[in-house]
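The values are calculated or read from the model by the stated rules, or taken from the named source; none is laboratory data. Remember, predicted model here, so these are calculated numbers, not experimental data. Because the Cβ atoms are built from the backbone with ideal geometry, glycine has one as well, and the counts that use them run over all protein chains shown. Surface accessibility is based on the protein's heavy atoms, side chains included, excluding ligands, DNA and RNA. Shrake-Rupley method; radii C 1.70, N 1.55, O 1.52, S 1.80 Å.
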Amino acid sequence: MSPGLTYDATIATITRLVPDPGLHNPRLGIVCGSGLSTLVSSLKNVVQISYSKLEGFADSTVVGQKSALAFGYIGKDNYPVVAMLGRFHPYEGYKPATVTYGIRVMKRLGVKDVIITNAAGSLTPEIPVGTIVVVQDHFALPNLTGMSPSFGPLMSKEYPRFLPLSDAYSTRLRRFAFLAAHKLQFPDDALAEGVYAWVSGPAYETPAEGRFLRSAGAHVVGMSTIPEVVAAREENLEVIVLSLVTNLVVIPDTYRSIKAEVKAELAGLPIDRPEIGRASHEEVIAVGILKTEVMRCLVERVAELVSSEKPTV
Ligand code: HPA
C-alpha cells in the first residue's frame, strides 16, 4: 500500500473506533517513553486503540512500553490529545518509516504540537537520576552516518529536501515547560536543560563511548526520539522533548589496571578491586515508574498552557 493510502486507512479506523467526534482532530500529540505510559491516566473520556488494529503501526516489543494509541481530553479546558503509548525503535528492526509513522498520522489528524518523552542516561553528575531534561538540541550519530528518517525519495514535493534543524526544539513549548514547573512548585533542580545524543543501541554505552558523547557536548543519551523529532519538523509540527534521567552512564575517571593488580598480587600487597557499575533496563523502568507522576503533572500543565494560549496574529 502506498503511504498515502495507509494514512487514509489508519484515519478511517480511528474515526470508526473513537465514538466521540470531538476527539477525531486532536491538537496535541504525546509520545510516551519507557515506563511513562501511565501518562494516559491524565486523559478523560479515554479511548485506547491497540496498534495491532491500526494500519501502518507495528508492535512495541520493549518491556515497559504499551502498544496502543490513546485519545482523550487533557487539563481543565478539555484539550483533545492523542498519545502514543509505546513507540518503535530502529533497534527493534523497524524501518525509519515505521518509527515515524505515528507522528505523521498525528499531523494528518490535526495535531499542531508534540510532547515527546523518553528515558535517558545522564552523561554528567550535574544531572542526577530523576531530573527531567528539557532538550534544547541534539546530536544524532545515526543521522550523521546514514540512518536518517529523511533518507530516500521525498514523500511529496511539499516536503523540504534539506530540513533545517537549528530551531528543532520549540522555544514556545520549552517556555511552557518551565512555567509549568514553576506553577507546580517543583524545586529548581527538578528540570534541567541539555543536549540529547541519539545512539542506535540497544547495548548501553561502554565507558569510552559515554566519555566520547560527553566530550562531544551531550548531557543525556538515549536510543529513541530523534527520528520522531525529525519527522515532526518535516511535518511542520512544534516539538518539545522531555527526557527523564533514569540512570547515570558509567564513565569512570580511571580504569582498573589489571597489570598493576597482578604486580601487587605477586608482591603480596593488598589490592583494591572496585566494582564497575552497570546500566540495566530494570533500573530504567523502575525510575520511569517512580517519576511517572512528576512527568504526568508536568505534561498536563504544559497541555493546559498550550490550550489556554491566545492565538497570535
Ligand atoms: N543509554 C542509552 N539509552 C538509555 C540509557 C542509557 O544509559 N538510559 C535510558 N535509555
Return only the number of the condition from (1) in a helix (DSSP H, G or I); (2) away from the ligand (no atom under 16 Å from the Cβ); (3) modelled with pLDDT of 95 or more that residue 240 does not satisfy. (1)
Could you pull out the residue among 100, 124 that is of a type in the set (S, T, N, Q) and open to solvent by 10 Å² or more (accessible area, probe 1.4 Å)? 124
Could you list, in sequence order, the residues of the range 146-159 that are surrounded by 11 or more Cβ atoms within 10 Å (Cβ to Cβ) and not small (Gly, Ala, Ser)? 147, 149, 154, 155, 159
Just to be sure before I move on: is residue 47 open to solvent by 10 Å² or more (accessible area, probe 1.4 Å), of a type in the set (Val, Ile, Thr) and within 17 Å of the chain's Cα centre (by Cα) in the structure I sent? no
Subset of the range 275-308 (residues that are within 16 Å of the ligand (Cβ to nearest atom) and open to solvent by 50 Å² or more (accessible area, probe 1.4 Å)): 276, 278, 281, 282, 283, 286, 289, 290, 291
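Let's see how each residue does on (1) polar (S, T, N, Q); (2) surrounded by 16 or more Cβ atoms within 10 Å (Cβ to Cβ); (3) more than 20 Å from residue 140 (Cα to Cα); (4) under 15 Å from the mean Cα position of the chain (by Cα):
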{"position": "161", "(1), (2), (3), (4)": "no, no, no, no"}
{"position": "184", "(1), (2), (3), (4)": "no, no, yes, no"}
{"position": "207", "(1), (2), (3), (4)": "no, no, no, no"}
{"position": "214", "(1), (2), (3), (4)": "no, yes, no, no"}
Filter result for residue 96 (more than 16 Å from the ligand (Cβ to nearest atom) and under 17 Å from the mean Cα position of the chain (by Cα)): yes
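Can we say residue 306 is touching a strand residue (DSSP E or B) at 6+ places or on another chain (Cβ under 8 Å), among the aliphatic types (A, V, I, L, M) and part of a helix (DSSP H, G or I)?
In short, yes.
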Take the residues in the range 106-140 that are in a helix (DSSP H, G or I) and touching a strand residue (DSSP E or B) at 6+ places or on another chain (Cβ under 7 Å); name whichever of them is nearest to the ligand (Cβ to nearest atom). 106
Failed item, numbered, when residue 167 is tested on (1) away from the ligand (no atom under 16 Å from the Cβ); (2) touching a residue at least 40 places away in the same chain (Cβ under 8 Å); (3) of a type outside the set (Val, Ile, Thr): (2)
Please indicate, with yes or no, whether at least one residue in the range 118-130 is at pLDDT below 90, over 17 Å from the mean Cα position of the chain (by Cα) and on the phi < 0 side of the Ramachandran plot. no
